[in-house]
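Chemist: Attaching a single structure in structure tokens format; questions to follow.
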Amino acid sequence: MLSQKMADRLNHQINLEMYSSHLYLQMSCWCAYQSLDGCATFLSQHATEEMGHMHRLLQYLQETGALAILGGMEAPPTEFGSLIELFEKVYQHELVVTSKINDLVHLATTEPDYSTLQFLQWYVAEQHQEEFLFKGILDKIKLIGVEGQGMFLIDRELEKIAMTNGKEATSMTGTAAV
Ligand code: FEO
């Protein structure tokens, strides 16, 4: 059984993952609007992954007899100055998610709540891969640049990552699992 504090924090995380999904889907729409179809596919796919994270948290709350609560959500931004700005926002958002996961692990350790601590291990590992993936993409975009053919190349590389169905991102980021 979860403490009320832990249930509240996990519910907060559920809503953060839902927002992550909305944010990336909106970013995907922006990319599609800019005819960046590879980036749009990649971000849409990642939005689905974020919903997967949300469902995993939700299921854990239900397994422990707690009530999962879906709250309201602010609308994600719809305008991005450039592709670099967009992926900067993705990376910064992922850092926020990481810090919230760290808070959860800290709470599970100090309560102590070993069941939740065990459950959170997948999340810690997954988030490490997400940070690695998005940092790699951002670094490569900065390196290639978004002028002229650079944009085309980046879009093609993101499409390649998406085509692996989220299993591996080798072309731009080394060997990060998505
Ligand atoms: Fe579910 Fe990208 O954090």
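The values are calculated or read from the model by the stated rules, or taken from the named source; none is laboratory data. Not measured: the values here are computed from a predicted model. Note: ideal-geometry Cβ built from the backbone for every residue, glycine included; neighbour counts use all protein chains shown. In case anyone asks, the SASA skips ligands and DNA or RNA and just uses the protein heavy atoms, side chains included. Shrake-Rupley method; radii C 1.70, N 1.55, O 1.52, S 1.80 Å.
Chemist: Can you find even one residue in segment 41-64 that is at pLDDT 95 or above, open to solvent by 70 Å² or more (accessible area, probe 1.4 Å), closer than 19 Å to L158 by Cβ and outside any helix (DSSP H, G or I)?
Modeler: Checking segment 41-64: not a single residue is at pLDDT 95 or above, open to solvent by 70 Å² or more (accessible area, probe 1.4 Å), closer than 19 Å to L158 by Cβ and outside any helix (DSSP H, G or I).
Chemist: Say whether the condition of being free of Cβ contacts under 8 Å to residues at least 40 places away in the same chain and outside any helix (DSSP H, G or I) is met by at least one residue in segment 95-107.
Modeler: The answer is no; no qualifying residue exists.
Chemist: Here's a check for you: in segment 65-84, which residue that is of a type in the set (A, V, I, L, M) and touching a Leu at 6+ places or on another chain (Cβ under 8 Å) is least open to solvent (accessible area, probe 1.4 Å)? It would help to see each step written out before you state the result.
Modeler: As a first pass, look at segment 65-84 and keep what is of a type in the set (A, V, I, L, M): 66-70, 73, 75, 83-84.
Adding the requirement that they be touching a Leu at 6+ places or on another chain (Cβ under 8 Å) leaves 66-68, 83-84.
Working: A66: 26, L67: 127, A68: 27, L83: 2, I84: 46 Å².
The extreme case among them is L83.
Chemist: What about K89, is it within 16 Å of the ligand (Cβ to nearest atom), out of contact with any Pro (no Cβ under 6 Å at 6 or more places or on another chain) and open to solvent by 70 Å² or more (accessible area, probe 1.4 Å)? Full working, then the answer.
Modeler: Values: within 16 Å of the ligand (Cβ to nearest atom): yes; out of contact with any Pro (no Cβ under 6 Å at 6 or more places or on another chain): yes; open to solvent by 70 Å² or more (accessible area, probe 1.4 Å): yes.
Considered against the rule, which asks whether it is within 16 Å of the ligand (Cβ to nearest atom), out of contact with any Pro (no Cβ under 6 Å at 6 or more places or on another chain) and open to solvent by 70 Å² or more (accessible area, probe 1.4 Å), K89 comes out as yes.
Chemist: Checking the structure you have, find out if any residue of segment 31-42 is within 14 Å of the ligand (Cβ to nearest atom) and either under 19 Å from the mean Cα position of the chain (by Cα) or of a type in the set (A, V, I, L, M) (or both).
Modeler: Looking only at segment 31-42, we keep the residues that are within 14 Å of the ligand (Cβ to nearest atom), and these are 42.
Pick out the ones that are also either under 19 Å from the mean Cα position of the chain (by Cα) or of a type in the set (A, V, I, L, M) (or both) and you get 42.
Scanning segment 31-42, I find at least one residue that is within 14 Å of the ligand (Cβ to nearest atom) and either under 19 Å from the mean Cα position of the chain (by Cα) or of a type in the set (A, V, I, L, M) (or both), so the answer is yes.
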